[in-house]
Amino acid sequence: MQDNNRFNEPPIDPLADTNPSLTINQVQIDDAGMPGWRRSVGLLSLLVAAGLTLATAFLLMSPNGTPEPVKTVPPDTTEISVTLMPTSEIPPTAVIQTVDNSQPGLIPTFSPAAAITLLSSPLTSMSGSSGIQVVRDIHNPFTVIPDRPRSEVIQYIAVRGDTIYTIADRFKLKPETIGWSNPRRYIEVLHPGDAVNIPPVDGVYLQVVGSKTIADYASEFKVSDPFVIIDSDYNNLFGTPPDTILPSGTWIFVPGGEAEPITWNPGVTVEESGPRRGYVSQFAPGDPGSCGNVQNPGGGASWIDPLPGSTFVRGFSSIHTGVDLSDPVGTGVRAANSGAVIFAGWNNWGYGNLIVLVHGPFLTLYGHLSQINVGCGQLVSAGQMIGAVGSTGNSTGPHLHFEIRNGNTPTDPLATMPGLGS
């Protein structure tokens, strides 16, 4: 009977030069081409791996990962109660437990709320006896950028009640800076809705006209070095030569520059009713030289040159509300008409030592005096010596600043007395 489990070689040829024949036992192979025992081992390995994976996932999904050990606190433990700033996440009170260090093997506990408490407490510097506290702000972690000085000219829209003085005070500038950096009409009268240029610092802001160089503007506005204009952060002129002629219409700022002296327009009170309606009752109330309300006697018809023989140096304009007559310091100044003294003393509006006479609805002003010879309420006649030429207040040299006003409105003195200064 033939054994089906054996493989029979062909018959041996005794004449052939061959090795002895080998008998090969047939091994039973499963359908997948793999021995059965190996398949069983692989299946077992997969089951073990799946079990480990499930155990790991269970541990990771637990709230604390691992069970929290039980903390043992000795009886003599001290509890410190720290009050926190209430928030939605932090309880109002955190407890820090401190353990007696004399007992070995115990580790102090430290809760997250206690950590936040310490982080929110001030830091005290040990340098210096008084100490420096640095307060942490856990509610606003953003960097605060401090206010920086402006580097550009801005515009302010005037409202009712604004004056150049109030605007200058609001922006911490000199009133002259506002006057020099805007239409000269603003000096005389400022209307609600007017756009007022506000430079970042004191100086002159102007629009270039004509063929002047940067060096010319520096000289005109009393700046010794044209690079003060060129290198200024307020102008886009870095690297520009001083002899450059800027295009007409260009706006430039001259830091620290000074333009023409400004004679400001102080407040004048005019009677609004009664038999003396329209008469002036006081000038620049609140100034040191103001006399308050003074009985107004009216004025005469004749006008007299207050400084005959003087040199006429400057005329009337919207920014210069009078005329300038030059003479040496101490030269006598006369009353241009008869009237009463309503101002005699120092004036804060640029006139320096000032005398103001009232003649019915008209005023005459005598500014920059070196001497005042009259007092409040005194009646004077036309031609009377009332003071002396000087250079006080906003003045660049000895001269008399003379004005005639109809109420609060300056008028050109040459229209009344064409021969002034002759």
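The values are calculated or read from the model by the stated rules, or taken from the named source; none is laboratory data. Remember, predicted model here, so these are calculated numbers, not experimental data. Please note: Cβ atoms are built from the backbone with ideal geometry, for glycine as well, and neighbour counts cover all protein chains shown.
Can you pull out the residues in the stretch 296-313 that are on the phi > 0 side of the Ramachandran plot and surrounded by 14 or more Cβ atoms within 10 Å (Cβ to Cβ)?
Gly298
How many of the residues in the stretch 221-272 are in a strand (DSSP E or B) and more than 17 Å from Val208 (Cα to Cα)?
Matching residues across the stretch 221-272 total 3.
Take the residues of the stretch 280-295 that are modelled with pLDDT under 90 and part of a strand (DSSP E or B): which is surrounded by the fewest Cβ atoms within 10 Å (Cβ to Cβ)?
Per the stated criteria, the residue is Ser281.
Name, by its number, the condition in (1) of a type in the set (S, T, N, Q); (2) more than 47 Å from the chain's Cα centre (by Cα); (3) surrounded by fewer than 15 Cβ atoms within 10 Å (Cβ to Cβ) that does not hold for Ser318.
For Ser318, the failing item is (2).
Can you give me the number of residues within the stretch 351-366 that are of a type in the set (Phe, Trp, Tyr) and modelled with pLDDT under 95?
Going through the stretch 351-366 one residue at a time, the tally reaches 2.
Looking at Gly383 and the list (1) closer than 15 Å to Gln282 by Cα; (2) in contact with a Lys or Arg (Cβ under 8 Å, 6 or more places away or on another chain); (3) of a type outside the set (A, V, I, L, M, F, W, C), which single condition is not satisfied?
In the conditions (1) closer than 15 Å to Gln282 by Cα; (2) in contact with a Lys or Arg (Cβ under 8 Å, 6 or more places away or on another chain); (3) of a type outside the set (A, V, I, L, M, F, W, C), Gly383 misses (1) alone.
Given the condition on the phi < 0 side of the Ramachandran plot, outside any strand (DSSP E or B) and small (Gly, Ala, Ser), answer yes or no: does some residue in the stretch 401-412 qualify?
no
Can you name every residue in the stretch 239-278 that is modelled with pLDDT of 80 or more and either among the β-branched types (Val, Ile, Thr) or touching a His at 6+ places or on another chain (Cβ under 8 Å) (or both)?
Thr240, Thr244, Ile245, Thr250, Ile252, Val254, Glu260, Val268, Thr269, Val270
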